[in-house]
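These notes are about the structure you will find just below.
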């Protein structure tokens with residue numbers, strides 16, 4: 001059977017994901033990449049044309065096909081049919097749960113469906129390198145790829161607070177997410193000054209720690225984590241301040257050694273989002289670093305021998321892109337796919 005990947009949405013995650021899948025389809029072992037765009041917009045005509053030029057096929061809603069054709073597009077598929085014929089569907093919209101109820105749950109064809117971090121409850125939470133062993137073939141038809149900041153929190157916990165066998169040494173984890181206002185591709189939602197977030201969850205604070213908890217819950221952990229968030233008036237990168245209180249002592253040198261051994265963590269001597277973002281622009285995949293976090297070494301400190309403190313930067317959608325591709329290949333190649341990821345490992349950096 002043909003291996004077809006269908007992406008729903010062409011926003012900040014959908015657009016680069018479609019491009020990455022199309023550019024490296026042969027290396028991934030994918031026969032066809034299709035994508036659904038809901039709204040025909042003349043200002044986004046060039047984006048759609050380029051995705052098609054790179055090998056992806058456009059799918060649109062039946063009642064909007066004429067409008068897309070008026071813009072010069074030639075849709076190949078109707079949206080519902082594109083879902084039904086796909087092997088894997090990746091929903092990159094804020095309507096993943098709604099689409100699941102209306103279409104995905106009854107679509108017989110696809111092996112699996114993925115949604116992104118905002119769609120809490122869509123399916124089993126997943127992050128590459130964190131809980132791969134928790135995925136069960138035949139059971140996990142619906143997977144939620146966790147948010148970029150949840151990736152960051154989780155890789156710090158697994159690397160610094162856990163042994164290789166999964167034993168946790170975390171007494172308490174506190175995280176402050178310093179979030180960018182919007183993406184550089186977006187004109188709306190920018191803010192003139194920092195805006196603090198609410199603590200909506202009595203136990204976890206914000207969804208970032210809640211989602212990290214549920215992610216590790218798939219590995220039978222019940223982690224004591226709490227997060228706060230503040231939105232900053234910048235478009236560059238999310239930053240994260242972390243405090244990990246352990247039940248054992250650790251030095252900064254030991255922490256650095258652990259992080260250096262993790263291929264999904266990039267270390268750096270840079271301390272500004274501007275410089276790290278610029279590195280991604282010049283050396284990443286169309287500007288994107290696929291590492292799960294970038295940690296400035298000089299910000300690391302140990303308090304009272306057991307509390308690890310530091311700052312790090314979140315490569316926005318880059319870490320979610322990697323997890324989305326890994327989960328897709330897990331569906332397509334259940335007997336092993338690790339070598340198929342070699343083509344994107346050049347965007348996971350040891351040092352930034």
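The values are calculated or read from the model by the stated rules, or taken from the named source; none is laboratory data. Note that the structure is predicted; figures quoted are calculated from it, not measured. Please note: Cβ atoms are built from the backbone with ideal geometry, for glycine as well, and neighbour counts cover all protein chains shown.
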Given the criteria surrounded by 21 or more Cβ atoms within 10 Å (Cβ to Cβ), outside the structural domain of residue 29 (by TED's automatic domain parsing), in contact with a strand residue (DSSP E or B) (Cβ under 9 Å, 6 or more places away or on another chain) and in a helix (DSSP H, G or I), does residue 313 qualify?
no
Residues of the stretch 111-145 being free of Cβ contacts under 8 Å to residues at least 60 places away in the same chain and either out of contact with any helix residue (DSSP H, G or I) (no Cβ under 6 Å at 6 or more places or on another chain) or farther than 14 Å from residue 327 by Cα (or both), which ones?
118, 119, 121, 122, 123, 136, 138, 139, 140, 141, 142, 144
Suppose we filter the stretch 16-37 for residues that are without any contact (Cβ under 8 Å) to a residue 40 or more places away in the chain and out of contact with any strand residue (DSSP E or B) (no Cβ under 7 Å at 6 or more places or on another chain); how many remain?
2
Filter the stretch 292-310 for residues that are surrounded by fewer than 24 Cβ atoms within 10 Å (Cβ to Cβ) and within 13 Å of the chain's Cα centre (by Cα) and give the result.
none
Does residue 274 qualify as being out of contact with any strand residue (DSSP E or B) (no Cβ under 9 Å at 6 or more places or on another chain), under 16 Å from residue 237 (Cβ atoms), modelled with pLDDT under 95 and in a helix (DSSP H, G or I)?
yes
For the stretch 232-248, does any single residue satisfy the condition of being more than 25 Å from residue 351 (Cα to Cα) and at pLDDT below 95?
yes
